[in-house]
1. Restricting to the range 199-228, name every residue that is open to solvent by less than 40 Å² (accessible area, probe 1.4 Å), assigned to a helix (DSSP H, G or I) and under 27 Å from Pro370 (Cα atoms).
2. Which residues, counting only those in the range 236-250, are in a helix (DSSP H, G or I) and at pLDDT 95 or above?
3. Of everything in the range 355-368, what is open to solvent by 10 Å² or more (accessible area, probe 1.4 Å) and either under 15 Å from Ile332 (Cα atoms) or at pLDDT 95 or above (or both)? Give them in sequence order.
4. Restricting the search to the range 377-392, which residues are in contact with an Asp or Glu (Cβ under 8 Å, 6 or more places away or on another chain) and either assigned to a loop (DSSP other than H, G, I, E, B) or open to solvent by less than 20 Å² (accessible area, probe 1.4 Å) (or both)?
5. Which pairs do you get when a residue that is closer than 15 Å to Ser275 by Cα and of a type outside the set (Asp, Glu), found in the range 247-265, comes within reach of a residue that is in a helix (DSSP H, G or I) and open to solvent by less than 10 Å² (accessible area, probe 1.4 Å), reach meaning Cβ atoms under 7 angstrom, with the pair 6+ apart or on two chains?
6. Could you check how many residues of the range 328-354 are touching a helix residue (DSSP H, G or I) at 6+ places or on another chain (Cβ under 8 Å), within 25 Å of Asp144 (Cβ to Cβ) and open to solvent by 10 Å² or more (accessible area, probe 1.4 Å)?
7. Taking the range 266-278 as the search range and keeping residues that are small (Gly, Ala, Ser) and free of Cβ contacts under 8 Å to residues at least 60 places away in the same chain, which one is farthest from Lys429 (Cα to Cα)?
8. Would you mind telling me which numbered condition in (1) exposed (fewer than 13 other Cβ atoms within 10 Å of the Cβ); (2) under 26 Å from Tyr266 (Cβ atoms); (3) modelled with pLDDT under 95 Ala424 fails?
Amino acid sequence: MCCDGFCSVADKMETKGTDEVEKLKSKFMSAWHNVKYSWALKSKTAFSRNSPVFLLGKCYHFKAVDDESPTESCTAEALDDNIVTGNVDGFRKDFTSRVWLTYREEFPALPGSTITSDCGWGCTLRAGQMILAQALLLHILGRDWTWSEALTLEPLDTETWTSSAARRLVATLEASIQGERAGAEEADSYLQEAYHRTIVSWFGDAPSAQLGIHRLVQLGMTSGKQAGDWYGPAVVAHLLRKAVDEAVDAMLKGISVYVAQDCTVYSADVIDSHSEQAGSHSDPQELNSGAAPDSRAVIILIPVRLGGEKINPEYLSFVKSILSLEYCIGIIGGKPKQAYYFVGFQDDSLIYMDPHYCQSFVDVSTSDFPLQSFHCPSPKKMPFNKMDPSCTIGFYSKNVEHYERISNELSKILQPSSKEKYPAFTFMKGHGKDYELSVAVEKREWPFIGDTRKPGTTSGDFVLL
């Protein structure tokens, strides 16, 4: 009996020791990633003054006053001095208002593991979360919504997410609705901020978050995936579909996700998704007023491959065309070894949000959690020819009539050129066969190599050339 007791204690000590080793390994890898790649988000991004910038269907122009040298650099400090006119601040506010979801550390252990960070492997999941977050912003708040704190966001560092910052933010919100004296505009602003926080909280890094990484990993386990595995863009699209379908929040009942089958969108399936009954609180702002009372909005995700082993340059005009559409919610893509969330372009360079920045866990279950780490003040650019051909394109369709417009407009854009030969995807009438998530889906992809890199500190400014 004593021997059994000793063995039991020994087993517990061994288990505890193993857990401690895993925790230490996770902390070491996080520190290593921060040291190795901290330069990535520190570097400033150059934008041309002479070319328009497109961001998820909106167009911005940067123009210099009395500028005889259009290639001369201009820093963010110069922007504040009004040296550059046009809607630069509009672009900065719009970009920073998009929800930024990155690597996190020290969150509760992921299902079936002792892993407490997604650093080095979760970049595609984060890019998928960002495209879904943009769709929800569009659905609940509308495309013109911007975060009131966007232009005041400081460069990210460990001091940004302190309780004092949270208290200041809460004080600002409370001041905007002082009792019955608050006007309609202030009350509406407060309501929008409440929805903003709700959307961010759905992506929290905890088992209770309905669209969080814990939920996505758990859904991935049904197809043989484990925490720490690499997830391809097409697999992530299906995980997002399942997560939204199984979400219990009433506001999420008013939207569904449709994933195209083999680069084909079957119109009858999308229309059926629109026709399914939505919850009574699914459209809080009545933004979807053109739809029938019981209809749902649909997020359309289309996994595609734009080339062979490398991107086909003939698809550049196609990618730029879709990122110019107001109902485009971006692209889950990247370059070999790194997944990004593409949101726009200037000339032949894509603008993206980078998930490769490891941040500390934020408890979004509190009503006053700090929002700063969920928004990025630093847009990044990448030449189109560096893009990995495997990606997932997203669109938001608010009702059947909107979908008919989308399918008609995209069908024209999809007309292949003589060099392309084949469109990136197609629309077909009727229903497609049932499409179940399996390992075979991932095998059809040309995946990014699992990313082991993680940039660190970001700068909040960019350069105009």
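1. Once the filter is applied, which keeps residues that are open to solvent by less than 40 Å² (accessible area, probe 1.4 Å), assigned to a helix (DSSP H, G or I) and under 27 Å from Pro370 (Cα atoms), the range 199-228 yields Ile199, Val200, Ser201, Trp202, Ile213, His214, Leu216, Val217.
2. Just the residues of the range 236-250 that are in a helix (DSSP H, G or I), to begin with: 236-246, 250.
Hits for the range 236-250 are Val236, Ala237, His238, Leu239, Leu240, Arg241, Lys242, Ala243, Val244, Asp245, Glu246.
3. Phe361, Val362, Asp363, Val364
4. Pro377, Ser378, Lys380, Phe384, Pro389, Ser390
5. Cβ pairs passing all conditions: Ile255/His139; Ile255/Val244; Ser256/Val244; Val257/Leu240; Val257/Val244; Tyr258/Val270.
6. 1
7. Step one: filter the range 266-278 for residues small (Gly, Ala, Ser), giving 267-268, 273, 275, 278.
Adding the requirement that they be free of Cβ contacts under 8 Å to residues at least 60 places away in the same chain leaves 273, 278.
On the way: Ser273: 14, Ala278: 24 Å.
Taking the candidates together, the pick is Ala278.
8. Just one mismatch for Ala424, condition (1).
The values are calculated or read from the model by the stated rules, or taken from the named source; none is laboratory data. The structure presented is a predicted model; accordingly, all values stated were derived computationally and were not measured. Every residue, glycine as well, gets a Cβ built from its backbone with ideal geometry; the counts of neighbours run over all protein chains shown. All accessible areas refer to the heavy atoms of the entire protein, side chains included, with ligands and DNA or RNA removed. Shrake-Rupley method; radii C 1.70, N 1.55, O 1.52, S 1.80 Å.
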